[in-house]
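> The structure that follows is given in the form of structure tokens.
Read-outs throughout are calculated quantities, based only on the coordinates presented, and are distinct from any laboratory measurement. Everything numeric here is computed off the predicted structure, so don't read it as measured data. Backbone-built Cβ (ideal geometry, glycine too); neighbour counts: all protein chains shown.
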Amino acid sequence: MNVSQIIDDITSTLQGVIADTSGMLINYKLESSNPLQNLIPEISISQNDLPLSTSVVQNHVSVESKNKVERLVEVISPKIINYESANFELQVKINHESQTTFVLPFTLEKPIANTKNVEINQTLSFEGQRIIVEEIAISPLRAKVTMLVPANNTMRLLNIGKLHLIDGQGEVWKQVGELGAHGNLESGLIHYYLQSNYFRKPKQLLLEIGNVQALPKDDDYVEIDIENEKVTHQPPLVDAKIRLENKGIHVVMPVKENEGNFNIFTSAEDARGEIFYSFDYLTGIKDGGIIVNIRLISNRCKVQFV
């Protein structure tokens with residue numbers, strides 16, 4: 001493809017695009033005779049001069065030199081992208097001495113492969129809770145599993161720890177990348193994205209789901225009294241050691257090695273009912289457990305689990 005634009009001493013080049021109805025993979029690079037280290041480019045995509053409603057994440061392609069930045073952009077759309085008009089623009093915005101935006105137009109000339117939709121509409125039950133697997137959509141870049149969560153479940157579903165497809169040859173299609181899902185279980189609608197072996201044309205697929213994490217809807221929080229250094233409430237189903245430390249919460253929970261670091265709280269609510277969605281949050285893995293440190297400014301508050 002190699003579409004380029006030069007502004008000042010920086011050249012931005014769109015090297016290639018792979019597209020299907022679920023999104024795109026875009027490869028671009030920035031080059032300059034001057035150092036480009038510590039750049040954090042912002043990416044957006046438009047179609048017919050209108051922003052494309054997608055989620056975007058960038059990954060390093062290779063070890064970068066001080067004069068070159070190369071990225072692979074993963075673009076995912078929860079809705080099927082309409083390619084009747086195949087004219088797009090990639091905008092790359094950088095702050096390098098001054099704010100600069102590169103505009104790289106591209107046209108997709110090859111036909112877009114059709115998505116294979118498999119209607120499921122099956123209900124899975126566990127401990128009285130239900131999840132409805134609505135459909136699986138298989139495209140060349142990824143497979144999308146759409147799930148519904150009934151509002152009348154008595155427990156709040158927090159996470160599905162195990163989710164993959166197994167094809168007829170025993171190959172596992174796993175979740176990959178940072179954009180593993182759109183939506184969330186609490187909203188009632190979520191799309192999970194997995195690897196795809198679209199061109200193998202599997203005759204059968206097995207969907208495996210497990211390690212579902214949930215808490216009762218009225219018991220999904222930790223209540224603390226910072227002034228008196230007390231944990232006044234902790235859900236009995238949560239296997240964690242929680243204590244107050246330096247006017248913050250120190251949490252230690254068991255975790256498997258390959259689960260990495262993760263957030264376990266979504267928000268904090270103080271005694272006046274004011275809700276905070278952001279707070280100082282540090283995590284780490286030590287001795288087989290995840291350690292979470294949260295610094296709060298209120299003397300008494302609740303924190304809700306993710």
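> Need the full-extension length gain, Glu186 to Lys217, defined as separation in residues times 0.36 nm minus the C-alpha distance. One decimal, nm.
That works out to 10.1 nm of additional length.
> Now, a different point. Round to a whole angstrom and tell me the spacing of the C-alpha centers of region 1-48 and region 84-150.
One Cα centre to the other: 20 Å.
> Starting from 0.36 nm per residue, how many nanometres of slack lie between Glu97 and Leu205 once their C-alpha separation is accounted for?
Result for the pair: 33.7 nm of gain on full extension.
> May I ask for the Kirkwood hydrodynamic radius of region 116-214, worked out over all distinct Cα pairs and given in angstroms to one decimal?
When all Cα pairs of region 116-214 are included, the Kirkwood radius is 13.9 Å.
> Where Rh is the Kirkwood radius over the Cα pairs of region 3-107, the temperature 20 °C and the viscosity 1.002 mPa s, what D in µm²/s does Stokes-Einstein return?
151
> If you don't mind, there's one more thing I want to ask. Under a point spin-label approximation (7 Å from Cα along Cα-to-Cβ), what is the Ala151-Asp225 distance to one decimal in nm?
3.7
> Sorting Asp49, Asp218 on the 10 Å Cβ count, fewest up front, what's the list?
Asp49, Asp218
> Calculate, for Glu135 and Leu237, the FRET efficiency according to 1/(1 + (r/R0)^6) with r their C-beta to C-beta distance and R0 30 Å; round to the nearest 0.05.
Once rounded, the FRET efficiency stands at 0.40.
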